[in-house]
Amino acid sequence: MAFELKLKPLLIVSAVIIISDLLFIAVNYYSSLNAIQEDTRRWTREVEHVFLLSLENKATSMQQLASFVANMPKVEELFQEAEKAHETNINGKNDALLASLRSKLYEYVKPSWVEMMTNYDIRQLHFHFGPGSTSFLRVHRPEKFGDNMDQVRFTVVDVNRLHKSVKGFETGRVYSGIRGVVPVFVKSSAGQSTQIGALEAGTSFKGLLKAIHDGQDCEIAVLLTRNHIQKNMWPDFIKDHFKDDSRVGSYFIESSSIHDAGAFLTQNQVLKLLETGAGSDFITGNQVWQVGVFPLRDYRSSLDSTLDASGVVVFWRDATELWELLRRGLWINILYSLIALIVVETVLIFGWRLSQDHLNKIIHEQTYKLREMATHDGLTGILNRKAIEKKIVEEVRRAARYDSKFSIILFDVDHFKAVNDTYGHNAGDEVLKTITSCVSGLIRTEDQLGRWGGEEFLLLSPETPLKEGIVLAERIRKAIEELAYISASPVTVSLGIAQYRQGESVEDFVRRADTALYKAKESGRNRTRAAA
């Protein structure tokens, strides 16, 4: 004992040094790592802001080019003639006239079109009839015309409906691009303006991505979802535009600042980040990268946030230098720690750690047993009444804070006393355990199942309104009805469900579910009733 007392101060000093060293290493390491991650998040926000601002400016530029062409008197004259021929084109009687006017309009705007392609990064120039969007002339694809795009080209539809210019990113039958769409007006002899259609000018993301690549010193790519592409583009143009190496998970590469972007984007860590649709990460491997992702919304989904994003914008840059700084700091910290640890004899440390591990193991096992006994039902292994009541109170607080909806399902075994009387209490226990196992397999991880008392159970289902709760209750009822038992006949359950009302007490909430359960019993058992 005397020898142990002499060692005790040394063991305490050794423990203090070890803990201090580990804390020193951990704090410095995670502080540096958090600084890099915060830098990545800041950079992601910065690039997103630059991208959206550049997109806005590019779309405005397209609007200006479209307005320039739309205000040419000869364009107004030819397009007005075409619009009149289109309105009276019954059974194709004006097809020849429309073809002639289309050819004249194309030849007239062609010189301006060539100049704008050369000097202003324009890729599309498209005349549309209204209402809605019916193609008259694609200057960039004059052989494609006459198709209706009311469910695709919402920018054009809105211009023809609202009689004002709009802009934004949108995918058409041929291309995805940044578009500016303007109304085409003509004036009558009385000076009154009448809209005869719409003209759009568009460009690709290529120039925008190059500018961001140069300004932010990063690579950047625009990815579109498979659903968005298939919903909008013609199949033959999808095949021409998107090659095999354009596929990245559930996305296709629309445009990127480098030719082989797919090689980087198909890495597992990058794919996981892309599937989240937004965020940033610090990716390590053969090379170290900072990566950022944010959702890309087209014109329509930017007006209606309930619609899915059309794709994502992803960008990345080499972070090797930052990573090397982090590693260098880690090794320096480890060296300092080793020097400190030499002060303490290894044998004493080993003995202290061995005894501590043994003691901690015993404490952990006993604590676990006590915790299980305090919160779980001894027969079924699920939460006991006190524990499930606590979970309800916590969920009520969460609902008050976030205005979330949740429900509880109170159910018990029909004629359970008859089971005990006929087959014995062991058979009754088997029924309760089998029902517990069945229900546990039907519910989500976040759902909480508890034994309320005797043959009565309570299921707490977060983020579940009453309608969905009824569906869940019916699924439980039918599953229990189909169970088989070794020592007893099949049994049924009656269920009462209630959705929490803001402001009501837990007691009133449970009482409503209990009343619903009572109504289920009264109306014949083996059924579900919802609380009023």
(request) Say whether the condition of being surrounded by 14 or more Cβ atoms within 10 Å (Cβ to Cβ), closer than 18 Å to residue 390 by Cβ and under 28 Å from the mean Cα position of the chain (by Cα) is met by at least one residue in region 465-481. (result) no
(request) Taking the options 125, 78, 97, 65, name whichever one is open to solvent by less than 30 Å² (accessible area, probe 1.4 Å) and over 24 Å from residue 170 (Cα atoms). (result) 78
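Taking the residues in region 430-463 that are of a type in the set (Lys, Arg) and over 18 Å from residue 482 (Cβ atoms) as candidates, determine which candidate is least open to solvent (accessible area, probe 1.4 Å). Full working, then the answer.
To start, the set of residues in region 430-463 that are of a type in the set (Lys, Arg) comprises 433, 444, 451.
With the extra rule that they be over 18 Å from residue 482 (Cβ atoms), the set shrinks to 444, 451.
Values: 444: 90, 451: 44 Å².
Looking at the filtered set, the residue picked out is 451.
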(request) For residue 427, indicate whether it is at pLDDT below 95 and open to solvent by less than 70 Å² (accessible area, probe 1.4 Å). (result) yes
(request) List the number of the failed condition for residue 127; all other conditions in (1) in a strand (DSSP E or B); (2) modelled with pLDDT under 95 hold. (result) (2)
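Restricting to region 312-325, give me the number of residues that are of a type outside the set (Lys, Arg) and either open to solvent by 10 Å² or more (accessible area, probe 1.4 Å) or in contact with an Asp or Glu (Cβ under 7 Å, 6 or more places away or on another chain) (or both). If you could, list the steps in order and put the result at the bottom.
Filtering region 312-325 for residues of a type outside the set (Lys, Arg) gives 312-316, 318-325.
Next, from what is left, pick out any that are either open to solvent by 10 Å² or more (accessible area, probe 1.4 Å) or in contact with an Asp or Glu (Cβ under 7 Å, 6 or more places away or on another chain) (or both): 315-316, 318, 320-325.
Summing the residues that are of a type outside the set (Lys, Arg) and either open to solvent by 10 Å² or more (accessible area, probe 1.4 Å) or in contact with an Asp or Glu (Cβ under 7 Å, 6 or more places away or on another chain) (or both) in region 312-325 gives 9.
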(request) Please go through region 505-524 and pick out each residue that is over 21 Å from residue 438 (Cβ atoms) and open to solvent by less than 30 Å² (accessible area, probe 1.4 Å). (result) 509, 510, 516
(request) Report, by residue number, each residue of region 174-225 that is open to solvent by 50 Å² or more (accessible area, probe 1.4 Å) and of a type in the set (Lys, Arg). (result) 187, 206, 210
(request) Go through region 257-277 residue by residue and tally those that are open to solvent by less than 60 Å² (accessible area, probe 1.4 Å) and at negative phi. (result) 10
(request) Of all residues in region 93-143, count the ones that are in contact (Cβ under 8 Å) with a residue 40 or more places away in the chain, in contact with a Leu (Cβ under 9 Å, 6 or more places away or on another chain) and over 24 Å from residue 60 (Cβ atoms). (result) 2
(request) Would you check which residues across region 231-248 are open to solvent by 20 Å² or more (accessible area, probe 1.4 Å), more than 22 Å from residue 154 (Cβ to Cβ) and not in a strand (DSSP E or B) and list them? (result) 236, 239, 240, 243, 244, 245
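Being at pLDDT below 95 and touching a strand residue (DSSP E or B) at 6+ places or on another chain (Cβ under 7 Å): is that true of residue 473 here? Give the derivation first.
On the way: at pLDDT below 95: no; touching a strand residue (DSSP E or B) at 6+ places or on another chain (Cβ under 7 Å): yes.
Spelling it out, it is not the case that residue 473 is at pLDDT below 95 and touching a strand residue (DSSP E or B) at 6+ places or on another chain (Cβ under 7 Å).
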(message) With the structure loaded, tell me whether residue 146 is surrounded by fewer than 22 Cβ atoms within 10 Å (Cβ to Cβ), touching a strand residue (DSSP E or B) at 6+ places or on another chain (Cβ under 8 Å), of a type outside the set (S, T, N, Q) and in contact (Cβ under 8 Å) with a residue 40 or more places away in the chain or whether it fails that test.
(response) no
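Are there any strands (runs of 3 or more DSSP E) wholly within region 134-225 with 3 or more residues that are within 30 Å of residue 288 (Cα to Cα), and if so which? If you could, list the steps in order and put the result at the bottom.
Working: elements: 134-138, 166-171, 176-187, 193-203, 219-225.
Qualifying strands (runs of 3 or more DSSP E): 219-225.
The values are calculated or read from the model by the stated rules, or taken from the named source; none is laboratory data. The shown structure was predicted, so the numbers you read here are calculated from the model rather than taken from an experiment. Here Cβ is always computed from backbone atoms with ideal geometry, including for glycine, and neighbour counts include all displayed protein chains. Keep in mind that these areas ignore ligands, DNA and RNA; they rest on the heavy atoms of the full protein, side chains included. Shrake-Rupley method; radii C 1.70, N 1.55, O 1.52, S 1.80 Å.
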